[in-house]
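Note sheet for the following structure.
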Ligand code: SF4
């Protein structure tokens, strides 16, 4: 199964941040409603199982 670390929406939390924890990151996604676009963020861990909104990051794409 794919993991959040493979997703383009996953961003590691820098060690210098107060909420740093090994493997912890933010899932940041662009959303849109009738008022316009906005960003939605939530905490995830890189080893969490990916959700249905996984966007494969370029560094994890396997080239044929
Ligand atoms: S929760 Fe889904 S969208 Fe967010 S980082 Fe994980 S796989 Fe990507």
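The values are calculated or read from the model by the stated rules, or taken from the named source; none is laboratory data. Everything quoted here is computed from the prediction, not taken from an experiment. In this analysis, Cβ positions are derived from the backbone assuming ideal geometry, glycine residues included, and neighbour counts consider all displayed protein chains.
Among the conditions (1) within 15 Å of the ligand (Cβ to nearest atom); (2) modelled with pLDDT under 95; (3) in a loop (DSSP other than H, G, I, E, B), residue 59 misses just one, which is (3). In this entry, residue 51 passes the filter for residues that are out of contact with any strand residue (DSSP E or B) (no Cβ under 7 Å at 6 or more places or on another chain), at pLDDT 95 or above and near the ligand (Cβ under 8 Å from one of its atoms).
Being within 7 Å of the ligand (Cβ to nearest atom), under 9 Å from the mean Cα position of the chain (by Cα) and surrounded by 13 or more Cβ atoms within 10 Å (Cβ to Cβ) is a condition met by no residue of the range 15-25.
Contact map, the range 24-36: residues that are without any contact (Cβ under 8 Å) to a residue 12 or more places away in the chain paired with residues that are away from the ligand (no atom under 12 Å from the Cβ), Cβ distance under 8 Å, separation 6+ or inter-chain. Pairs shown: 30/37; 30/38; 30/39; 31/37; 31/38; 31/39; 32/38. Number of residues in the range 15-45 that are touching a strand residue (DSSP E or B) at 6+ places or on another chain (Cβ under 6 Å) and assigned to a loop (DSSP other than H, G, I, E, B) equals 1.
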